[in-house]
Amino acid sequence: MNETIRELLTRVGGLPVAVTELEDGADLYAAGLSSFASVQLMLGLEEAFDIEFPDSLLNRKSFASIAAVEQTVSHILKAREAA
Amino acid sequence: MDMQVSFLDRLFDAGLLIETGVDGLYGRSGQFEDVIAAFERLIDKVGGADGAEAMRFPPGMNRAFFETSGYMKSFPQLAGTVHSFCGNELDHMSLLKCMEVGEEDWTKGQEATDIVLTPAACYPLYPTVARRGNLPAGGGLFDLQSYCFRHEPSKDPARQQLFRMREYVCMGTESHVTDFRQLWMDRGVEMMKSVGLDVTIDIANDPFFGRAGKMLVNNQRDQNLKFELLIPITSVAKPTACMSFNYHQDSFGLKWGLNLEDGSVAHTACVGFGLERIALALFHTHGLDVNEWPGSVRATLWG
């Protein structure tokens, strides 16, 4: 999952730094992730993992770092399994 | 809804607004315009000493600038583009025939021009200032007013498709522009109080389009980027935004290449007055006959 997230981030993140150089916990907004790029990332994640973000997770916190994105996606996948 | 229709009907009956047959597109009477002019003088009085550079653009803007602004990413549903007939004589004949028969949409052949209707008074400003090069020491302060277009037909007289927005835009460091925004929040409350209007200020968001828009809404609210000054006009439960106070962080600075004297990216903020909405709030609160308005309000506006 970490790799898929990094690939997406490279493709749609528009970051001025190389995604490979970012730690999992690095602040993506500080690294230059714009609001619009975070939306692109969200749509890319939905397609890649065949999930739908609930409104409650459509916020900055969900996309704050690669680790946060991983956690958010895992949360959605787990909720789907439970359903 | 009924209340909205009835206030609109009362405005038509009093001749303050003039029906055109299109929801949200109205003429204004001399009296209505006089109230707007008086309120704009009040804005000048409060903000004039700040020394803002005034610029007035027509209600259409350069389509290339509009495209760069990213408006279509966020608000495609509100935008209005200007299209014209660009054909030859033969095309003209088919156009007239098409209009006469009325079966097909005659506007299909219209082609996009280089002009887009201005969605907010400050949109033409950013590329204009960026062209000048780095901002001077102390940043920039600008005074704008324009008719603006938003495609949202409604019977609520406070939601018009063509309306005027007066704006001050500040460019500088983060603390400089957020101080400017706070100053105008305080001034806005005082100004409205001086014309007898009850107001509240609340955190707000722009009407971003679609599901992706929900995320932009949450981002905007989480970061306290937009506040609105609200006045009850057609509903007490859902008061109308008559002013907005927006902090754009460095997003416009980065987008347009707006830099400070030392070359760092400028932060920007703007404060906007919805002039028709303020006039409507005054008519709704004090009555449709300005001669009957409280003396203190009349003195503030026309004293």
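On the stretch given as segment B:260-303, residues that are of a type in the set (Val, Ile, Thr) and either part of a strand (DSSP E or B) or crowded, with 23+ Cβ neighbours inside 10 Å (or both) total 4.
Across segment B:64-88, the number of residues qualifying as more than 14 Å from chain A (Cβ to nearest Cβ), surrounded by 15 or more Cβ atoms within 10 Å (Cβ to Cβ) and under 13 Å from B:Pro124 (Cα atoms) comes to 2. For B:Gly139, the requirement of being touching a residue at least 24 places away in the same chain (Cβ under 8 Å), at positive phi and in the same structural domain as B:Asn259 (by TED's automatic domain parsing) is met.
Per-residue answers, yes or no, for (1) at pLDDT below 95; (2) surrounded by 14 or more Cβ atoms within 10 Å (Cβ to Cβ):
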| site | (1), (2) |
| --- | --- |
| B:Asp2 | yes, no |
| B:Ser6 | yes, no |
| B:Asp13 | no, no |
| B:Leu17 | no, yes |
| B:Thr20 | no, no |
| B:Gly24 | no, yes |
| B:Gln31 | no, yes |
| B:Val35 | no, yes |
| B:Lys45 | no, no |
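Of all residues in segment B:234-259, those satisfying the criterion of being in a loop (DSSP other than H, G, I, E, B), out of contact with any Cys (no Cβ under 8 Å at 6 or more places or on another chain) and not small (Gly, Ala, Ser) are B:Thr234, B:Val236, B:Lys238, B:Pro239, B:Gln249, B:Asp250, B:Leu258.
Considering only strands (runs of 3 or more DSSP E) fully contained in segment B:120-232, which possess at least 1 residues that are within 14 Å of chain A (Cβ to nearest Cβ)? Give the steps one after another, and end with the answer.
Values: elements: B:140-149, B:162-172, B:200-203, B:226-231.
Once the strands (runs of 3 or more DSSP E) in segment B:120-232 are filtered for at least 1 residues that are within 14 Å of chain A (Cβ to nearest Cβ), what remains is B:226-231.
Out of all the residues in segment B:137-151, which are farther than 12 Å from B:Pro124 by Cβ, among the small types (Gly, Ala, Ser) and crowded, with 18+ Cβ neighbours inside 10 Å? Selection gives B:Gly139, B:Gly140. Of all the criteria given as (1) small (Gly, Ala, Ser); (2) over 17 Å from the mean Cα position of the chain (by Cα); (3) under 30 Å from A:Asp55 (Cα atoms), the one not satisfied by B:Ala266 is (3). Examine segment B:71-88 for a residue that is of a type in the set (Ser, Thr, Tyr) and not in a helix (DSSP H, G or I), and state whether such a residue exists. Yes, because at least one residue in segment B:71-88 is of a type in the set (Ser, Thr, Tyr) and not in a helix (DSSP H, G or I). On the stretch given as segment A:38-83, residues that are assigned to a helix (DSSP H, G or I) and either within 11 Å of another protein chain (Cβ to nearest Cβ) or more than 10 Å from the chain's Cα centre (by Cα) (or both) total 26.
The values are calculated or read from the model by the stated rules, or taken from the named source; none is laboratory data. Computed from a predicted structure; not experimentally measured. Using ideal geometry, Cβ is built from the backbone for each residue, glycine included, and neighbour counts are taken over all protein chains shown.
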